Amino acid sequence: MALAQVKDSVVKSVDTAKTKVRPPMTRQDSMKAKYVNPGKVAGRKAIYRSLIIPGWGQLYNMQLLNDGYGTRAGKNQTFQKIYTGGKIVAIYGGFTVLTMSFIESSKNYKLYLTELQYRDINNGRPDPNGPFVNTDGVTSRYSTQGITTGKDTFRRNKQIVLFSYGLVYLANVVDAYVAARLHFFNIDDDLSFKVTPTMINTNTVYGFSNTPALKLSLTF
């Protein structure tokens, strides 16, 4: 009978002191905190408001002044509020003037067009009930060519008014965005400038010549 030699197995104890237990990583820990530019946020809000209702972005900027946001917090903001309110008045004043001009141009365009259509049908005779006939009821104050020119002029005026509507609307959006960004733009009271004499090299073809000039340096 053969005896099997059994090797003693030595179980080594695990040193738990050297084992590091890492806490589970959460999504919040894995994400780095991103910097949020308050000027961009305010500018985006001002754009959305101005696109919906003209002047709403300017009211939002005035609310920023009232709440004391931005670098102008704690400073005198009376002039800035008056200036912002004046821009709102200018926006709606511009829309009002353009609307009145559009209504007037449309009315005159229809008058000239109606007169021109009547003359085309009646061999160039003016409309006896129209606004362009003289007191005798036969002759006209304007020729057919003059009526055609007037019609084209008022039609062009209508197109210019519509284009001006778009410009005022776009200016309203741009102004609201720029003003909102400037609320958070750091402009302190240390702004200064210095003017010093200098020379500018004009670098002519046949040689070099210097021109005296003034150098303006801004420090802020």
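With a threshold of 29 Å on the Cα-Cα distance, the over-threshold entries among Lys45/Lys87; Lys87/Lys151; Lys45/Lys158; Lys45/Lys81; Lys81/Lys107 are Lys87/Lys151; Lys45/Lys158; Lys81/Lys107. With the charge dipole of region 80-202 set up from +1 on Lys and Arg Cβ and -1 on Asp and Glu Cβ about the Cα centre, the Cα lying farthest toward the positive end among the listed residues Met100, Asn134, Val173 is that of Asn134. Note that region 37-187 carries a Kirkwood radius of 18.7 Å, evaluated over its alpha carbons pair by pair. Rounded to the nearest 0.05, what FRET efficiency do Phe185 and Val89 give with R0 = 25 Å and r taken as the Cβ-Cβ distance? Could you check? With R0 = 25 Å, the Cβ-Cβ based efficiency is 0.50. Each residue, Thr196 and Val36, gets one label point 7 Å from its Cα in the Cβ direction; the gap between the two is 4.5 nm. Relative protection proxy for 131-137, 151-157, from highest mean packing down: 151-157, 131-137 (other beta-carbon atoms within 10 angstrom).
Every number in this text was worked out from the coordinates using simple rules, so none of it is lab data. All values derive from a computational prediction rather than experimental measurement. Neighbour counts run over all protein chains shown; Cβ positions are idealised from the backbone, glycine included.
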